[in-house]
Amino acid sequence: MELNIVYIGRLSFPLGQATTKRRRYMVDYMNDENIECHILSTRYKKNKQLNNPSEGKYGKADFYDLSGLFKKGRIFRYYKEGKRKIRQWYDSSKKNIMIFPTILNVEDYIFFRYAYNLGYKIVFDQVETSYIADGTNESFKRKCYIFFCEWISDYAYKKAAGSFVISQALKSQNKEKYPKMPLCLLPNSTPVLCEVEKTMIGSPVRILYSGTYALKDGISFLLEGVEKAVNAGCVCELILVGKGRASDMTFLDKVKDAPWIKYLGFISEDELVAKMRDCDILAMTRTNSKFANYGFPFKLSEYLATGNVVMATKVGDVPLYLNDNNSLLIPPENSDAIAKAILYVAQNPLESLRLGHNGLNTMKEKFSIKNVGDTFISFLSKI
């Protein structure tokens, strides 16, 4: 039976951050394979810099954004329009599947009930464990709300036809909580991002970090490591991209006078790709926390796709894909190891280029849109 797939959740589309890209690349795959798909964005905090339209076509896929209705206080119309789209996209001649994010909030739960009763098979795409696990720094009020959302999500999981999980730890967790639910380990995917093969390491050695700045991301260790490399005589520059909550960004006050740090904030997707290509080391410094170990950093597949050398901490599933032959794999929460890795690149440029090339080959094998997409559709066809 042919598939009809609807993605739903609190995510911008087509432009957005990590989880948006995870979805978008699967939509790219479905467009190429002529598989019907649609995207319904529910309430989320809009980033005006992305400038996404409220509805339209992405290739052959329809997308519709409800978030503007919620923001304007048109709650009744918000639910009415959401249900209308869910009903409109339902095709009785096909296997209808609706894919939800890791956790439902109250609004998403209402859409879950409506879709489930209409006949959609419900599938989850889990990319993180509990948002109140160690490695996060949520407020008490926020933790209470998250606890409630996880409680209603638990009911929805028991009705689900299956779930994608991004890590082995999440797979084990789900096997214990929902032993009858089919599971599929689905890594992130990405296109190749390097236009030409890198032939030299720059001076200064440029290190890039892109993403959020929560406790799980280990930014303090990265800053200390780069400073130690500088003090050891390495000419280098750290470029920081992305944003976090105000409470996560206080470190900027401490480093604002450091000449070797450049903080760019939020930049466009095209600008980020250009920056990643131009740098020499792409850093992922997650800590050894439950939140970090149960997830998998989207940036890792993108980093590898540039052909540059990747410096990554040995946490979670990272060692399943990275080793000493395709990356600089370092222990977590260790600024000395970060400094040592930076100095290694500066002193061994040819070997560093080889690591980057091997990392690109790993990306093509493990994280290509075609390979991940084949796994994605194979699982959905069987449930």
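The values are calculated or read from the model by the stated rules, or taken from the named source; none is laboratory data. Values in this document were obtained by computation on a predicted structure and should not be read as measured data. Glycine also receives a Cβ, built like all others from the backbone with ideal geometry; neighbour counts cover every protein chain displayed.
Data table
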item	result
Top-ranked residue of region 155-167 - restricted to ones that are within 16 Å of the chain's Cα centre (by Cα) and not in a strand (DSSP E or B), ranked as surrounded by the fewest Cβ atoms within 10 Å (Cβ to Cβ)	Ser167
The listed residue being of a type in the set (A, V, I, L, M), surrounded by 23 or more Cβ atoms within 10 Å (Cβ to Cβ), at pLDDT 95 or above and farther than 17 Å from Lys198 by Cβ, out of Ala339, Ala312, Ala283, Ala292	Ala312
Qualifying residue in region 187-196 (condition: under 20 Å from the mean Cα position of the chain (by Cα) and surrounded by fewer than 16 Cβ atoms within 10 Å (Cβ to Cβ))	yes
Scope region 76-116; condition hydroxyl-bearing (Ser, Thr, Tyr), surrounded by 17 or more Cβ atoms within 10 Å (Cβ to Cβ) and assigned to a helix (DSSP H, G or I); matching residues	Tyr78, Tyr79
Among the residues listed as Gly119, Gly73, the single one being surrounded by fewer than 21 Cβ atoms within 10 Å (Cβ to Cβ), more than 27 Å from Tyr294 (Cβ to Cβ) and modelled with pLDDT under 95	Gly73
Hey, Leu252 surrounded by fewer than 22 Cβ atoms within 10 Å (Cβ to Cβ), within 25 Å of the chain's Cα centre (by Cα), more than 26 Å from Thr190 (Cβ to Cβ) and among the hydrophobic types (A, V, I, L, M, F, W, C) or not	yes
The lone exception for Ala258 - which of (1) touching a Ser or Thr at 6+ places or on another chain (Cβ under 8 Å); (2) of a type in the set (A, V, I, L, M); (3) at pLDDT below 95 it fails	(1)
Residue in region 22-32 that is in a loop (DSSP other than H, G, I, E, B) and either surrounded by fewer than 20 Cβ atoms within 10 Å (Cβ to Cβ) or not assigned by TED's automatic domain parsing to the domain that holds Pro101 (or both) present	no
Residue, farthest from the chain's Cα centre (by Cα), within region 33-56, restricted to residues that are of a type in the set (Ser, Thr, Tyr) and surrounded by fewer than 20 Cβ atoms within 10 Å (Cβ to Cβ)	Ser54
Glu224 more than 29 Å from Ala169 (Cα to Cα), touching a strand residue (DSSP E or B) at 6+ places or on another chain (Cβ under 6 Å) and of a type in the set (Asp, Glu)	no
